[in-house]
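Here it is, the structure, as structure tokens.
The values are calculated or read from the model by the stated rules, or taken from the named source; none is laboratory data. On a predicted model such as this, the values are computed, not experimentally measured, just so you know. Cβ atoms come from the backbone with ideal geometry, glycine included; neighbour counts cover every protein chain shown.
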Amino acid sequence: MKGTGDFLFEIGCEEIPAGMLSAAIRELQVILEKFISASNLSAGAAVISYGSPRRLAATCSSVLLRQSDEVREITGPPKNVAYDNVGRPTRAAESFAEKQGLNVGQLYIVQTPRGEYVAAKIVSKGRPADKILAEVLPKTIAEIPWPRSMYWVGIRSVHFIRPIRWIVALLGGRVIPFRIDEVVSGRRTYGHRFLGKSRIDLRNSAEYVDKLRRNFVLVRPEERRRRIESELQSAGSKGGIKPRQDASLLDQVVYLNEFPKVLRGEFDPAFLQLPKEILITVMRDHQKYFALERRDGTLAPGFLAVINLNKDAAGIIRAGHERVLRARFADARFFWDSDLKCRLADYLPKLNGVTFQEKLGSYGLKVERVRSLARWIAEQLFAEGVHEASVGGVDRSAELAKCDLVTDMVREFPELQGVVGGLYAKAQGEPEEVSWAVYDQYLPAGLDDHIPRNLTGCVLALADKMDSLVGCFSVGLIPTGSSDPFALRRSALGIVKIIIEKRLPLSLSGAISRASSILQASQKGITSDARTEILVTDFLLERARYALRERWGFAYDEINAALAAGPDDLVDAMQRIEAVRAIRKTKDFEPLAVSFKRIRKILEKAGPVAEWRLPSVHVEFFSEPAEKDLYAAAATVAKRAEEDKRARRYKEALERIAGLRPKVDAFFDGVMVMAENSDVRKNRLTLLSELLGQFSTIADFSEIVVGDHS
Amino acid sequence: MRSKVQPEVFHGLPFQDLVLNLERFWSDRDCVLQQPYDVEVGAGTMHPETFLRVLGPDPYRVAYVQPSRRPADGRYGENPNRLFKHHQMQVILKPAPADVQNVYLESLTSLGIDLPTHDIRFEEDNWESPTLGAWGVGWQVLLDGLEITQFTYFQQCGGVDLDPVSVELTYGLDRIAAYLQGVDNVYAVRWTKRLNYGAIRLAEEEQFSTYNFERADPQITRKLFELHEREAIHLLDGYAKQSAAAKRRYPIMAAYDQCLKCSHLFNLLDSRGVISTTERAQLMARVRQLACRVAEDYLDQRYSAAPHEVGR
């Protein structure tokens, strides 16, 4: 079609940080589609965007070459103002026409809701697309959001993620002319730094992907990903050895290379004496290598590096990577040996010099607090019949937990905190209970992560997180929006997950107030008051709601109903939520929930409780059979339901309560609550109030949202 | 675990030829060849030829080797890769040329590196010096997985926004030499045709590791920090009171030397392990404050109070 042309846009850049590239590629597409459609240039074809370290690009197979003319109608003065009574245009009509650049004769009358008005038709000529795009593309460049941009010419010149060195902008094969500082748009792009032709002139968008591929640049991230994945398999899988799965590392290398190739290197098997965790961290985080695993999960003495080249004929590159890894491993071994020269516990005094938080003191103090709280939690659990963690083991693991923070290994690999402490504890002969507890103390890292593998680790993790939470809240460090420097949301979520998954009978309020009193004893000048404890509780429950919804799939109103009836024991609350969910589908439940909501409203409207609440229901004030019936039935159900509840047969209890529905319905059909006679009225209100109180201890039915379960 | 200094069949450039080649390369590209600064510094950036020259509008190009002291990085000469003192080749190009990446890559060719046979990449690495109030964005340049250069577009120095932008190239000479010579241990690097790195530097590493970690007297070091800080403040306070004519000769550069002394003494205290995290932040802020005041006064002196003729 003559009126359209293909579009190609490439921003040539010095190496864009790998972690930012995929978002930028998406943004470029969104921004361009927005501008093309807002400028009325869309011919219906989609914008496709691409990117590799040295370029962000987009193509569109068809864009209008010129905006269509735009016809607008402008309303002027009312007809009776614009024309006199013989139909001649007035001064008002003339000046309106003049303003629109028309003759009075070109005006016409339109019908509006407010009456008849004069109108004018204005035709704006569509502008040519290259002119519009020459304005839009600089704006597009400016609009791509980056976490941190820079300038490279002067402070007033353009800002971008890295210096822009060339721009390709073509429409229908012709250059869209514009400039960004010293860079003038054109048709010239640049290939791979060292392979193929360095300068490439492009004719149109259709040849973009292929022509760059021929010059060793794969502009489509999916293509690079497929190539890497298949080479990882072919280079890494041999004789029972496989590359270690690592999705996030794969994401990085996809955006680090324009023409990726996988190389296999080897290392001295002697390094395999170092723990696997450390070897993997060195390879993955520092060198971006994939580790090789045997069937039994142990490492093989080799690695896979992704390089930005097509071959390594002489093996020079492989030898280089092997040498670097050897040096890194030698460093790690040096740290391992020198750290282990003293006992883990000997690092404790050094923790007094490391600040946890200014007002909350050093890590030395934190360790003391965590020990004390962890012991208390262990004792509580022991008393409740949970015996797999010894108080001594818990205490020892809390004592050693933070020692690794001052080791050389953690200073070098901060992401290994906890893990390193656990490995050192194990190497120094601490019992497994203790070493795994230290190892796992920072778990879970998120909603889908594991909790610590043993109960000792769970108790340590609970105490550590609870201390951070209560401590930070006490000094006013409460997370807001995106600011959560101490990762308190993660801590709170961790507490919830550990309690629920490990089914720990632990009172939240008890643990919070214990943490709070330990803190006040440890840090003079900190007053952790009841208000702080309420804030911490609410914060934890908010995370609990989130976890129960997202992780366990409960509906929000089922969660609210159960938590409203008592949130302190999360395991018990979870059983009650399960019961609510189980009986929700039965026929009586939701109608009963509606009735409970009605009861709540009636009671709220009845005025202050003191004015109507009787000490107990008086049978002699009953006048209607329906109220007598309800009273009698409720008494029987209450007794049975209470027995069920005590035995934690929540579903049975709720079923019994739901069975009251016909009586409740009959009550509302046959009884006027707000009776004239005040004794009768107060008695009825008291009956309803007792009903609500008795039957809301498992779940508050009035929280159930009827007709909308998600 | 003293590292063995093994005789090897050497390939690649001796350490000092590496330096000579880079100096020749950058000299040919209009750089002033400077000498290392004679005050202890932790990085080539702290040399006044970088810290002061990147301020203000005048174009400048300079290259020099800077031995850089990092007390906490010492390992008594026992670790094959860690040094208390390493050598940086520092290049400042102001303003940053548009083809700077290519020129940099060409400089690698001058070391005998055949670019198309290597895996060379620019990986994001933003640089910041909290004590200098300086930061920039850029990359670490990796040669077959080895970090050989820090490549930075300066954005701020001494708390001042830079305009124009300078590009800073910092080559890690010791590890480049080890790479080129194919040795795993830095002490085995051949410095000249006959002498290796260990013969020249091992004693220094051993002694300074002992000093930095064990012997430096914390009280004396602290006292020295305070004395140098006091001298710097004294000098900086005096600048504003000078007449325009006297400002020109006023020793802002001497105040900067005092600031560098403080920075080094702070590093020493840190390696002695005698400062807490909180105090650490406070001491860094004190050095930064000196650096920012130097930058401000330097700009005033050079461009407002008594401008030197350009090119003088």
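The conditions are (1) over 27 Å from A:Q694 (Cα atoms); (2) in contact with a Lys or Arg (Cβ under 9 Å, 6 or more places away or on another chain); (3) surrounded by fewer than 21 Cβ atoms within 10 Å (Cβ to Cβ), and A:R531 fails exactly one of them. Which is it?
The one condition A:R531 does not meet is (2).
Next up: Taking the criterion of being part of a loop (DSSP other than H, G, I, E, B) and under 22 Å from B:P57 (Cα atoms), would at least one residue in segment B:250-270 satisfy it?
Yes: segment B:250-270 contains one or more residues that are part of a loop (DSSP other than H, G, I, E, B) and under 22 Å from B:P57 (Cα atoms).
Same structure again: A:G361: modelled with pLDDT under 90 and more than 9 Å from every other protein chain (Cβ to nearest Cβ), yes or no?
The answer is yes for A:G361.
Being surrounded by fewer than 22 Cβ atoms within 10 Å (Cβ to Cβ), assigned to a strand (DSSP E or B) and more than 15 Å from the chain's Cα centre (by Cα) is the filter; apply it to segment B:123-139 and report the residue that is nearest to the other protein chains (Cβ to nearest Cβ).
B:E124
May I pose another question? Hey, any hits in segment A:320-330 for a residue that's on the phi > 0 side of the Ramachandran plot and in contact with a helix residue (DSSP H, G or I) (Cβ under 8 Å, 6 or more places away or on another chain)?
Within segment A:320-330, none of the residues are on the phi > 0 side of the Ramachandran plot and in contact with a helix residue (DSSP H, G or I) (Cβ under 8 Å, 6 or more places away or on another chain).
Looking at A:S689, A:S696 in this structure, which one is closer than 30 Å to A:D572 by Cβ and not in a helix (DSSP H, G or I)?
Unique residue meeting the criteria: A:S696.
Follow-up question, since we're still on this one. Restrict the check to segment A:124-132 and report whether at least one residue is without any contact (Cβ under 8 Å) to a residue 40 or more places away in the chain and not β-branched (V, I, T).
yes
State the number of residues belonging to segment A:24-52 that are part of a helix (DSSP H, G or I) and within 14 Å of chain B (Cβ to nearest Cβ).
Of the residues in that region, 1 qualify.
Let me ask you something else. Output yes when any residue across segment A:278-290 is among the hydroxyl-bearing types (S, T, Y), closer than 17 Å to A:L423 by Cα, in a helix (DSSP H, G or I) and away from chain B (no Cβ under 12 Å), and no when none is.
yes
To keep it simple, each residue is scored yes or no on (1) without any contact (Cβ under 8 Å) to a residue 60 or more places away in the chain; (2) in contact with a Leu (Cβ under 9 Å, 6 or more places away or on another chain); (3) over 28 Å from A:Q67 (Cβ atoms); (4) aromatic (F, W, Y).
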| residue | (1), (2), (3), (4) |
| --- | --- |
| A:W166 | no, no, yes, yes |
| A:V184 | yes, no, no, no |
| A:I200 | yes, yes, yes, no |
| A:F216 | no, yes, yes, yes |
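Per-residue answers, yes or no, for (1) within 14 Å of another protein chain (Cβ to nearest Cβ); (2) at pLDDT below 95; (3) assigned to a loop (DSSP other than H, G, I, E, B):
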| position | (1), (2), (3) |
| --- | --- |
| B:L55 | yes, no, yes |
| B:A72 | yes, yes, no |
| B:G77 | yes, yes, yes |
| B:G112 | yes, yes, yes |
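Residues checked against (1) within 14 Å of chain B (Cβ to nearest Cβ); (2) among the acidic types (D, E); (3) part of a loop (DSSP other than H, G, I, E, B); (4) surrounded by fewer than 18 Cβ atoms within 10 Å (Cβ to Cβ):
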| position | (1), (2), (3), (4) |
| --- | --- |
| A:A142 | no, no, no, yes |
| A:P147 | yes, no, yes, yes |
| A:R162 | yes, no, yes, no |
| A:H192 | yes, no, yes, no |
| A:L195 | yes, no, yes, yes |
| A:I200 | no, no, no, no |
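Which members of segment B:31-53 meet the condition of being part of a helix (DSSP H, G or I) and surrounded by fewer than 19 Cβ atoms within 10 Å (Cβ to Cβ)?
Within segment B:31-53, just B:P48 meets the criteria.
Can you tell me which residue among A:A521, A:A511, A:A515 is assigned to a helix (DSSP H, G or I) and over 29 Å from A:H450 (Cβ atoms)?
Only one candidate qualifies: A:A521.
Tell me the residue from B:V19, B:V41 that is modelled with pLDDT of 95 or more and closer than 22 Å to B:E296 by Cβ, please.
Exactly one of B:V19, B:V41 is modelled with pLDDT of 95 or more and closer than 22 Å to B:E296 by Cβ, namely B:V41.
In addition: Out of B:D144, B:D163, B:D184, B:D174, which single residue is buried (at least 24 other Cβ atoms within 10 Å of the Cβ) and either facing chain A (nearest Cβ under 9 Å) or acidic (D, E) (or both)?
It is B:D144.
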